[in-house]
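The values are calculated or read from the model by the stated rules, or taken from the named source; none is laboratory data. Quick caveat, the model's predicted, so the values are computed rather than measured. We place every Cβ from the backbone using ideal geometry, glycine too, and count neighbours over all the protein chains shown. In case anyone asks, the SASA skips ligands and DNA or RNA and just uses the protein heavy atoms, side chains included. Shrake-Rupley method; radii C 1.70, N 1.55, O 1.52, S 1.80 Å.
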Amino acid sequence: MEDEASDYKNMFMQFMEGVNKKFKEFKPTSWAVDNRTAIYIIAILITLLFLLTKLSFNEQLLLFFISLCCFGYIISVGSWKGLRAIPAIKGSLLALVWSMVTVVFPLINDWNWNADFVLLLQRFLFMLGICIVYNLRDVDADRKQGIVTIASLVGEKKTKLIAGFCLLLFV
């Protein structure tokens, strides 16, 4: 019985060595790299088609607004440096987008202004507090990129106080 197990083990090891050898010879990136723009365009078109057919108008509008916020922060055109040129927008915009995606998007078709707006505000304050603290870690990199955050404006001690205040208001 042990000899059989040993034989199977040896056969498996030989098989895996062959697979490993073939894998090293295979160059999976050449076609994908050469055609990545076409792949991106096709993926975006398929996604847009899905979103336009499956989502309600309110959901589409919200998704468009969230996309504008994200692309507005990332993309700079000519002398316009995007939303990142606005002082202290980094953490605030991230908190806003995160709040919209996690609160408004799931509830958009059954929105109750009294209860859901409070939840949105709570989520925003919680995320803002967390984002402000993480800005402390990124101060040097943000300065090199010319991004002005709350942490770079007011310093470490006041940033922690602002973050704590946001989290206190969250509760």
- Message: Please go through region 136-147 and give me each residue that is outside any loop (DSSP other than H, G, I, E, B) and closer than 16 Å to A85 by Cβ, ordered by number.
- Response: D142, R143, K144, Q145
- Item | Considering residues of region 64-89 that are touching a residue at least 12 places away in the same chain (Cβ under 8 Å) and open to solvent by less than 50 Å² (accessible area, probe 1.4 Å) only, the residue farthest from the chain's Cα centre (by Cα) | A88
- Message: Quick check on my filter: what residues within region 92-105 are under 13 Å from the mean Cα position of the chain (by Cα) and either in contact (Cβ under 8 Å) with a residue 40 or more places away in the chain or surrounded by fewer than 16 Cβ atoms within 10 Å (Cβ to Cβ) (or both)?
- Response: V101, T102
- Message: Quick check on my filter: what residues within region 49-63 are open to solvent by less than 90 Å² (accessible area, probe 1.4 Å) and among the hydrophobic types (A, V, I, L, M, F, W, C)?
- Response: L51, L55, L62, L63
- Task: Being assigned to a helix (DSSP H, G or I) and more than 30 Å from V154 (Cβ to Cβ) is the filter here, so list the residues in region 52-104 that pass it.
- Result: L52, T53, K54, F57, N58, E59, Q60, L61, L62, L63, F64, S67
